[in-house]
Amino acid sequence: KNYSKIILKVVSMTKYMILGKSGAGSLIPEFLFTELGIDYDIEYITKKELIKSTSRGYNPLGKIPVLILPDGIEIFESLAIVNYITTNYPGLSPTKDSIDYFQYWRMLSLLSSTLYSGYHRQHHVDDYVDEIGFKSLKEKAQQEQSIIYDYIEQNLNPYLCGKIITAADFYLYTLTRWDFDKTKLRVRRPKLTMFLEDLRSRKSVDKVLNKQPPKYRI
């Protein structure tokens, strides 16, 4: 029934629709749209509902987020969604002639391919290995992430592209919210600590988080 209601909404919608989950990767387009002042709707949907969709635009593994455009076109994978938003609405990505252009894409790609997948391995460990491998997989993912966060610490000044805030910063902030030990994450990383406090204080971030269930608002 819920799936049918979502389909009816999509058919009749006149603005962007995000298919997502509370506290999950759908926060990324929510942060970007809100920062840019773009109106959107969001529907929380289950993996089973997405998998049974026959639409080509839905992730075949039932993963979120999925962005549905007003014309009905669907985009999945967070990096593709970020690229769509920043391509069509300037303000959160450097232009091609900017000295920060390649830094932006280098960091955004690193976050998407390494940091995001590391958190997925920790939070959805049973998707990757049998129970006997749970502990090892989590530990290896955390070790890898520690290296990446040290690299990020070196690159923050105060944002990933220097003085300008970009979509990559909202992407990074979303990922840090999934860490199992947020206190340890900040140890010996003063620039990351300041970055996290800065992002959390932004009106757009606060507005989005206030719409989340209480446990996801911190």
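When nucleic acids and ligands are ignored and a 1.4 Å probe is applied, residue 40 ends up with an accessible area of around 30 Å². Starting from the Kirkwood radius over alpha-carbon pairs of the chain, derive D by Stokes-Einstein at 20 °C in a medium of 1.002 mPa s and give it in µm² s⁻¹. Roughly 118 µm²/s, to the nearest whole number. Phi angles of region 156-172 translate, via the Karplus equation with coefficients 6.51, -1.76, 1.60 and θ = phi - 60°, into HN-Hα couplings of 6, 7, x, 9, 5, 10, x, 7, 9, 7, 10, 4, 4, 5, 5, 5, 4 Hz per residue; Gly and Pro are given as x. Spatial offset of region 16-90 relative to region 149-218 amounts to 21 Å, using the alpha carbon center of each. Residue ranking by accessible heavy-atom surface, 1.4 Å probe, largest first, among 121, 189 comes out as 121, 189. About its Cα centre, the chain has a charge dipole of approximately 520 debye under the convention of +1 per Lys or Arg Cβ and -1 per Asp or Glu Cβ, with nothing else charged. Applying the Karplus relation 6.51 cos²θ - 1.76 cosθ + 1.60 with θ = phi - 60° to region 202-212 yields 3J(HN,Hα) values of 5, 4, 5, 5, 4, 5, 5, 5, 5, 8, 7 Hz, where x marks Gly and Pro. Between the amide H of residue 44 and those of 20, distances stay under 5 Å, these residues lying 5 or more places away or on another chain, with hydrogens modeled in the peptide plane. Could you check how much of the accessible area of region 154-213 is carbon and sulfur, as a whole percent, using a 1.4 Å probe? Its accessible area is 54 percent carbon and sulfur atoms. Accessible area per residue (1.4 Å probe, heavy atoms of protein chains only) ranks 169, 127 as 127, 169, with the largest value leading.
If N is the number of residues in region 119-209, what value comes out of its Cα radius of gyration divided by 2.2 N^0.38 Å?
1.20
The calculated FRET efficiency for the pair residue 139 and residue 211, based on their C-beta separation and a Förster distance of 30 Å, comes to about 0.30.
The values are calculated or read from the model by the stated rules, or taken from the named source; none is laboratory data. Computed from a prediction, not measured in an experiment: that's the story for all the values here. Glycine gets a Cβ as well: all are built from the backbone with ideal geometry, and neighbour counts include every protein chain shown. The accessibility values were calculated without ligands, DNA or RNA, using every heavy atom of the protein model including side chains. Shrake-Rupley method; radii C 1.70, N 1.55, O 1.52, S 1.80 Å.
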